[in-house]
Amino acid sequence: MKDLVQSVELGVSQRRGGAATRPKVWLKNELVRVGLAEFLCTYVMMAFGLGSVAQVVTGQGAFGQYLSINLGFGLGVAMGVHVGGKVSGAHMNGAVSFTMCVFGRLAWKMLPLYLSAQLSGSFLAAGTIYAVYYEAINDYCGGNLTVTGAKATAGIFATYPAPYLSVMAGFIDQVFGTAMLLLCLMALSDQRNKPAVAGSEPAAVGFLVLLIGISLGSNSGYAINPTRDIAPRVFTAIAGWGADVFRSGNGWWWVPLVAPPIGGVLGAGVYKAFVELHHPLISEQCGGLMEEESAPLEKEQNICANVCV
């Protein structure tokens, strides 16, 4: 009989002689593991998302249209969930992390770790796409890095409002878009309703981001994510676009930073108030105790409510 095929599981080294061994570089500290996973999944999501924008802009329509950007971010989110979902929950979005803290699904002490990882991942992804598309960007704009105008390129990295959009309307746009994101994420993770089928969570969340993009994206680029927007914006300010990235759009930069956390809490709160709080109890013969069909929120792990752009 031929040698048995060794089975390899995530996070565990190959079994040798019947005993499981870990790699010498295996990290025992949970905070480090969570931080690294959140950083990497955010980087993957942002690299694909920003890359899709860069390709459309510099290609001048030859290599994709607006739908390509929606698909790039949607599929990027799905890949990000595959990368970090079982370790950090793959939030990839400061509004998601903040909302999870508000509703007790993430400890407040973890919020700085998540935000730091997301900001770092987004900043590095912006730098990577800038390097990959450096010659294409310069060829497109003639070396003149501008925030507005016919050959503007700052929009590759951060979001800016359409010319007709007021700051107030843009604020409402971002609150509503993020509210829809978190409302639907809560639904996808609700084990007592109609959750995403086990294993399909990455695709479901990716389709949700795609749906928001094709229905709510034209006003201001559907940032719906403060860490996704501010980190690349800071990068562009450093890389040559200057302070205009903060002045443009009547000082637009603070809107995708402040509005999404508000929208996230509102959206999740609406779902909880209208649906989740009203699930009936299911009687189960388990030691004579009445138990709910699903596990308590604090015991649910790696659910797609913990994931987003």
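Below, the figures for the structure above:
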quantity: Alpha-carbon centroid distance for the pair the stretch 115-190 / the stretch 227-284, whole angstrom; calculated: 12
quantity: Selection from Ala259, Asn193, Val81 lying farthest towards where the dipole of the stretch 30-278 points positive, charges on Cβ; calculated: Asn193
quantity: Computed E for Val102/Val275 - FRET, C-beta separation, R0 25 angstrom, nearest 0.05; calculated: 0.90
quantity: Gain upon complete extension [Trp254, Ser116; 0.36 nm per residue less C-alpha separation]; calculated: 47.9 nm
quantity: FRET efficiency, 1/(1 + (r/R0)^6) with R0 35 Å, evaluated for Lys86 and Ile282 via beta carbons; calculated: 0.80
quantity: For peptides 252-261, 222-231, 159-168, 91-100, sequence by mean Cβ density within 10 Å, most packed first; calculated: 91-100, 222-231, 252-261, 159-168
quantity: Pairs of alpha carbons in the stretch 36-120 whose separation is greater than 15 Å (percent); calculated: 59
quantity: Principal semi-axes in Å for the stretch 30-278 [√(5λ), Cα gyration tensor, largest first]; calculated: 29, 19, 17
quantity: Virtual paramagnetic centre 7 Å along Cα→Cβ of Asp244, amide N under 17 Å, in the stretch 149-173; calculated: 149-163
quantity: Over the stretch 86-184, volume per residue of the alpha carbon convex hull, in Å³; calculated: 140
quantity: Estimated FRET transfer efficiency when R0 is 45 angstrom, pair Ser218-Arg192 (beta carbons, to 0.05); calculated: 0.80
quantity: If the convex hull is drawn through the Cα atoms of the stretch 160-285, its volume per residue in Å³; calculated: 122
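Values quoted throughout were computed directly from the atomic coordinates according to the rules given, and no laboratory measurement underlies them. Since we're looking at a predicted model, the values are computed, not measured. All Cβ positions, even for glycine, are placed from backbone atoms using ideal geometry, and neighbour counts span all protein chains on display.
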